[in-house]
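In what follows, a single structure is set out as structure tokens and then discussed.
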Amino acid sequence: MGMGKDIRNLIAKRASNEIKNGMVVNLGIGIPSLVPNHLPEGIHVFFQAENGVLGMGSTPCEGEEDENLCNAAGYPVTIQAGASYFDSALAFGMIRKGKLDITILGSLQVSEQGDLANWIVPGKRVPGMGGAMELSQKAKKVIVLMSHTDKYGHSKVVKTCSLPITTPRCVDMIITDLAVFKVGEEGLLLLELMPGVTLEEVKASTNATFTLSPALS
């Protein structure tokens, strides 16, 4: 069973706190696409998409979608004043040149070393790797938004990824429905618990070693 709308928005809202005024930010599909809906007032950000848009806004209201405006996943978006359009070659040129301040991605697993596994489950059909490999290598900060466990209750925050790795040691922050982790040279640091979640719940649901921030000690 997937996460409810409220929980998905809670994760996206927490991720929006990492975005500062004037940043160029790329969003993955799923929960990351909700982030523009939660930006604080007065924050002006350039959201970029691999299909060739710079300056995306929040999700349009139902019935107000423009069939010509979409993100890289094909979902409808709005645009801000001053937005620009270009081909995907230029969009990936921006990414590979290191012009993105943050990329916010979904994932299937993240290891305690920051390895990202988000592109395939062996034996399952997928449309392709997409832009995750370039984004996770070249963005200045990589944030992963995901459920803490899979549909079987297995931890997605793991000691070592069992799924094929997209990019090793690239993730800087993990935000789940249970907790917020910072990934550093010495491994995972638990920064925050999500509202209503206990430390014992996080420990029971996490197949990785982590230390506590001073605020939680």
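Observations
- Proximity of backbone amide H atoms, modeled 1.01 Å from N, is registered between T59 and N37 at under 5 Å, excluding neighbours fewer than 5 places apart on the same chain.
- Kirkwood Rh, angstrom, segment 1-43 [1 / mean 1/r, Cα pairs]: 10.9 Å
- Dipole moment magnitude, nearest 20 debye, the chain about Cα centre, only Lys, Arg, Asp, Glu C-beta charged: 540 debye
- Segment 138-213 versus segment 8-85: alpha-carbon centroid distance in Å: 24 Å
- Extent of segment 114-217 along its three principal axes (Cα atoms, max minus min coordinate, largest first): 42, 32, 22 Å.
- Sequence-distant contacts, meaning Cα pairs under 8 Å at least 6 residues apart, place the relative contact order of segment 40-117 at 26 percent.
- Portion, in percent, of the accessible area of the chain that falls on carbon or sulfur, probe 1.4 Å: 53 percent
- At 1.002 mPa s and 20 °C, Stokes D of segment 126-181 from Kirkwood alpha-carbon radius, µm² per second: 170 µm²/s
- Computed 3J(HN,Hα) for segment 77-87, one whole-Hz value per residue from the Karplus formula 6.51 cos²θ - 1.76 cosθ + 1.60 where θ = phi - 60°, is 9, 9, 10, 8, 4, x, 5, 9, 10, 6, 7, glycine and proline marked x.
- Fraction of antiparallel bridges per DSSP, the chain only, in percent to nearest 5: 55 percent
- For T198, net neighbour charge (Lys/Arg +1, Asp/Glu -1) across residues whose Cβ lies under 15 Å away: -3
- Diffusion constant of the chain at 25 °C, which comes from Stokes-Einstein with the Kirkwood Cα-pair radius and 0.890 mPa s, µm²/s: 139 µm²/s
- The calculated FRET efficiency for E200 paired with H44, based on their beta-carbon distance and R0 = 35 Å, is about 0.30.
- Estimated from the Cβ-Cβ distance and a Förster radius of 41 angstrom, the FRET efficiency linking Q80 and E192 is about 0.85.
- Proximal lysines relative to K5, as straight alpha-carbon distance under 27 Å, when same-chain residues fewer than 8 apart are discounted: K13, K20, K124, K141, K151, K156, K182, K203
- Taking label points 7 Å from Cα along the Cα-to-Cβ direction, N207 and K151 give a separation of 1.7 nm.
- Peptides 106-114, 52-60 ranked from most to least packed give 106-114, 52-60, packing being the mean of other C-beta atoms within 10 angstrom over each peptide's residues.
- In this structure the chain gives 52 Å² per residue of accessible area when probed at 1.4 Å with all protein chains present.
- Restricting the calculation to Cα atoms, segment 84-147 shows an Rg/Rh of 1.00 when the hydrodynamic-style radius is the Kirkwood one.
- Close amide-amide hydrogen proximity is noted between A179 and M194, each under 5 Å apart and 5 or more residues distant or on a separate chain (H modeled in the peptide plane; Pro and chain starts excluded).
- Counting 0.36 nm for each residue step from N21 to I120 and taking away their Cα separation leaves a gain of 32.3 nm.
- For segment 36-160, the fraction of C-alpha pairs more than 26 angstrom apart is 30%.
The values are calculated or read from the model by the stated rules, or taken from the named source; none is laboratory data. Keep in mind the model is a prediction, meaning the values are calculated, not measured. Backbone-built Cβ (ideal geometry, glycine too); neighbour counts: all protein chains shown. These area figures cover heavy atoms from the full protein model, side chains too; ligands, DNA and RNA do not enter into them. Shrake-Rupley method; radii C 1.70, N 1.55, O 1.52, S 1.80 Å.
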